[in-house]
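Colleague: Here it is: the structure, laid out below.
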Amino acid sequence: MNPHRPQSDSYRPPRVIIAGAAGRDFHDFNTVFRQDERVQVVAFTATQIPNIEGRLYPPALSGPLYPEGIPIHPESELEELIRRHEVDDVVFSYSDVSHEYVMHLASRVLAAGAGFRFIGPRQTMLKSTKPIISVCAVRTGSGKSQTSRKVLDILQNELGYRHVVAVRHPMPYGDLAAQAVQRFATREDMDRAHCTIEEREEYEPYVERGAVIFAGVDYEAILRQAEEEADVIIWDGGNNDLPFFKPDFHIVVVDPHRAGHEVRYHPGEANLRMADAVVINKIDTAEPAGVEMVTRNVQLVNPRATVVRGASPLFVDDPAAIQGKRVLVIEDGPTLTHGEMAYGAGVVAARQYGAADIVDPRPYAVRSIAATYRKYPTTGPVLPAMGYGREQMADLEETINRTPVDMVIVATPIDLGRLVDIDKPNQRVRYELQEIGRPTLSDLLRTRFGA
């Protein structure tokens with residue numbers, strides 16, 4: 001019996017399961033349920049991210065109402081958990097899934113006898129004492145990171161903000177209590193935190209530009225610490241999730257390579273409808289019909305948003321070295337997995353610079369990398385840069401070195417060669433946002449946040 005909860009012979013607080021993927025789910029719990037003695041959260045379920053289920057949301061984070069913490073189970077056990085705990089409601093708390101996927105999960109929950117619901121943004125968006133610029137998207141891999149970098153450059157170099165701090169959507173893949181509040185200002189900070197490849201991809205570009213970036217689990221504590229050193233805060237969103245902080249200016253990136261997805265995925269469509277500015281990215285490589293469809297859908301669901309048109313030009317150190325080579329292409333992991341893309345900037349660069357052949361790495365994949373291909377069969381003949389822990393980094397390294405190619409093209413936002421030993425010549429692909437026409441993000445931010 002928990003002494004912090006009201007007790008009577010007849011009263012039983014409603015029981016809740018939070019279905020998530022080690023991010024939004026913890027934030028929903030922290031902001032809505034952690035101090036609510038009228039509701040009992042009996043479990044989290046987890047999907048999308050490896051090695052999360054079977055763990056515990058620790059007492060240090062769950063608070064006095066949950067002195068033993070809260071167990072985290074695989075989502076495959078959802079129906080059994082509903083029956084075992086006589087669950088009243090399942091709260092859906094993860095991102096970048098189709099509307100159809102959401103309703104199939106709702107059907108499973110309803111058939112098991114529980115209710116199904118979402119937590120509204122008004123309940124979970126934390127208010128800041130400092131200006132908040134949020135950068136979110138309608139799908140993973142749309143170009144949030146390069147857009148966030150562009151916003152950072154404008155704030156620092158054009159508008160003269162000396163202290164720009166970024167806060168990244170959570171990626172808590174290690175010790176959750178130890179990761180409650182994380183601050184990264186150097187590469188050594190990332191080394192000490194044993195950051196995964198995915199984490200480094202998001203943190204390093206800020207550190208390279210002399211900015212500080214926060215992440216973690218407890219975003220109320222993160223926000224208050226960030227406010228102490230920030231003139232302005234960039235919320236750098238993950239997947240296509242909604243901001244955790246209430247934005248003063250909300251930028252949403254859409255991807256014409258996946259035209260139509262902007263109104264078919266959760267919560268990307270909600271992001272689009274909330275946007276102050278919409279960046280239609282990659283118009284240099286997308287089909288005109290895709291650009292036209294995305295433009296039409298933006299105008300249909302959010303006619304008040306200002307539209308910025310952008311390209312993602314590619315840069316490599318030695319383009320001539322790629323010509324005529326058989327290459328292995330390594331792409332950003334989440335873009336290929338739950339982002340459902342079959343290729344990314346690396347494939348575009350290989351074709352643009354005349355590679356003779358893009359070699360399929362799937363026959364050479366080992367252990368957890370082979371399992372990733374089985375879990376995400378839409379991934380094309382490219383290698384997702386999976387690295388959730390040292391064992392998976394070792395599997396990634398072995399897969400790279402087993403694949404018989406002349407060259408490796410690395411299209412992740414970090415220098416992957418610092419983390420794994422690539423035994424072949426390699427070229428990094430870099431890409432930045434380049435606005436086309438007016439208005440630009442600089443125009444919009446100067447109007448809103450200029451002196």
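The values are calculated or read from the model by the stated rules, or taken from the named source; none is laboratory data. Small disclaimer: the values here were computed from a predicted structure and weren't measured. Note that we place each Cβ from the backbone using ideal geometry, even for glycine, and neighbour counts take in every protein chain shown. Heavy atoms of the whole protein, side chains included, go into the accessibility calculation; ligands, DNA and RNA do not. Shrake-Rupley method; radii C 1.70, N 1.55, O 1.52, S 1.80 Å.
Colleague: Suppose we filter segment 132-149 for residues that are among the charged types (D, E, K, R) and open to solvent by 10 Å² or more (accessible area, probe 1.4 Å); how many remain?
Modeller: Counting residues in segment 132-149 that are among the charged types (D, E, K, R) and open to solvent by 10 Å² or more (accessible area, probe 1.4 Å) gives 2.
Colleague: Applying the selection to segment 275-289, what residues are farther than 16 Å from Ser442 by Cα and open to solvent by 10 Å² or more (accessible area, probe 1.4 Å)?
Modeller: Answer for segment 275-289, where residues must be farther than 16 Å from Ser442 by Cα and open to solvent by 10 Å² or more (accessible area, probe 1.4 Å): Lys282, Ile283, Asp284, Thr285, Ala286, Glu287, Pro288, Ala289.
Colleague: Read through the list (1) loosely packed, with under 13 Cβ neighbours inside 10 Å; (2) assigned to a helix (DSSP H, G or I), then give the number of the only condition that Thr129 fails.
Modeller: (2)
Colleague: Could I ask something else about it? Out of everything in segment 64-95 that is within 19 Å of Gln35 (Cα to Cα) and either acidic (Asp, Glu) or surrounded by fewer than 15 Cβ atoms within 10 Å (Cβ to Cβ) (or both), what residue ends up being nearest to the chain's Cα centre (by Cα)?
Modeller: The extreme case among them is Asp89.
Colleague: Within segment 373-402, which residues are at pLDDT 90 or above, assigned to a loop (DSSP other than H, G, I, E, B) and buried (at least 21 other Cβ atoms within 10 Å of the Cβ)?
Modeller: Val382
Colleague: Could you grab me the full set of residues in segment 162-178 that are surrounded by 19 or more Cβ atoms within 10 Å (Cβ to Cβ) and at pLDDT 90 or above?
Modeller: Val164, Val165, Ala166, Val167, Arg168, His169, Pro170, Leu176
Colleague: Residues being β-branched (Val, Ile, Thr), surrounded by 21 or more Cβ atoms within 10 Å (Cβ to Cβ) and in contact with a strand residue (DSSP E or B) (Cβ under 8 Å, 6 or more places away or on another chain): count how many of those fall in segment 191-216.
Modeller: Qualifying residue count for the region: 1.
Colleague: Which condition does Phe26 not pass, out of (1) touching a Pro at 6+ places or on another chain (Cβ under 8 Å); (2) over 24 Å from Asn239 (Cβ atoms), if it passes all the others?
Modeller: (2)
Colleague: May I pose another question? Kindly provide the set of residues from segment 403-435 that are buried (at least 24 other Cβ atoms within 10 Å of the Cβ) and hydroxyl-bearing (Ser, Thr, Tyr), ordered by number.
Modeller: Within segment 403-435, Thr412 is the sole residue that qualifies.
Colleague: Could you grab me the full set of residues in segment 12-42 that are within 22 Å of the chain's Cα centre (by Cα) and open to solvent by 10 Å² or more (accessible area, probe 1.4 Å)?
Modeller: Ala21, Arg24, Asn30, Thr31, Val32
Colleague: Oh, and also: Could you check Val181 against (1) touching a Leu at 6+ places or on another chain (Cβ under 7 Å); (2) open to solvent by 10 Å² or more (accessible area, probe 1.4 Å) and say which number it fails?
Modeller: Exception for Val181: condition (1).
Colleague: Taking segment 243-274, which residues are under 19 Å from Arg122 (Cβ atoms), assigned to a loop (DSSP other than H, G, I, E, B) and either open to solvent by 20 Å² or more (accessible area, probe 1.4 Å) or without any contact (Cβ under 8 Å) to a residue 40 or more places away in the chain (or both)?
Modeller: If the condition is that a residue be under 19 Å from Arg122 (Cβ atoms), assigned to a loop (DSSP other than H, G, I, E, B) and either open to solvent by 20 Å² or more (accessible area, probe 1.4 Å) or without any contact (Cβ under 8 Å) to a residue 40 or more places away in the chain (or both), then Lys246, Pro247, Asp248 are the ones that fit.
Colleague: Could I ask something else about it? Can you pull out the residues in segment 294-348 that are buried (at least 17 other Cβ atoms within 10 Å of the Cβ), among the hydrophobic types (A, V, I, L, M, F, W, C) and part of a helix (DSSP H, G or I)?
Modeller: Listed by number, the residues that qualify are Val294, Val298, Leu336, Ala345, Val347, Val348.
Colleague: Within segment 403-430, work out how many residues are in a loop (DSSP other than H, G, I, E, B) and of a type in the set (S, T, N, Q).
Modeller: Residues meeting the conditions: 2.
Colleague: Among the residues of segment 217-227, what is the count of those that are open to solvent by 10 Å² or more (accessible area, probe 1.4 Å) and either touching a residue at least 40 places away in the same chain (Cβ under 8 Å) or among the hydrophobic types (A, V, I, L, M, F, W, C) (or both)?
Modeller: Counting residues in segment 217-227 that are open to solvent by 10 Å² or more (accessible area, probe 1.4 Å) and either touching a residue at least 40 places away in the same chain (Cβ under 8 Å) or among the hydrophobic types (A, V, I, L, M, F, W, C) (or both) gives 5.
Colleague: Return the residue satisfying two criteria in turn: it lies in segment 349-359 and is open to solvent by less than 50 Å² (accessible area, probe 1.4 Å) and within 29 Å of Gly260 (Cβ to Cβ), and of such residues it is nearest to the chain's Cα centre (by Cα).
Modeller: Ala349
For every residue, the table says whether it meets (1) within 27 Å of Tyr206 (Cα to Cα); (2) charged (D, E, K, R).
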{"residue": "Tyr364", "(1), (2)": "no, no"}
{"residue": "Arg374", "(1), (2)": "no, yes"}
{"residue": "Met393", "(1), (2)": "yes, no"}
{"residue": "Leu396", "(1), (2)": "yes, no"}
{"residue": "Pro404", "(1), (2)": "no, no"}
{"residue": "Pro413", "(1), (2)": "yes, no"}
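Colleague: Please pick out the residue among Thr306, Thr337 that is in contact with a strand residue (DSSP E or B) (Cβ under 7 Å, 6 or more places away or on another chain), modelled with pLDDT under 95 and among the polar types (S, T, N, Q).
Modeller: Thr337
Colleague: On the given criteria, is Ala230 open to solvent by 30 Å² or more (accessible area, probe 1.4 Å) and among the aliphatic types (A, V, I, L, M)? Before the answer, list the steps.
Modeller: Values: open to solvent by 30 Å² or more (accessible area, probe 1.4 Å): no; among the aliphatic types (A, V, I, L, M): yes.
No; evaluated as a whole, the condition is false for this residue.
Colleague: Among the residues of segment 188-220, what is the count of those that are under 17 Å from the mean Cα position of the chain (by Cα) and of a type outside the set (A, V, I, L, M, F, W, C)?
Modeller: Summing the residues that are under 17 Å from the mean Cα position of the chain (by Cα) and of a type outside the set (A, V, I, L, M, F, W, C) in segment 188-220 gives 13.
Colleague: Within segment 96-118, can you find the residues that are open to solvent by less than 20 Å² (accessible area, probe 1.4 Å) and within 22 Å of Asn271 (Cβ to Cβ)?
Modeller: Asp96, Val97, Val102, Leu105, Ala106
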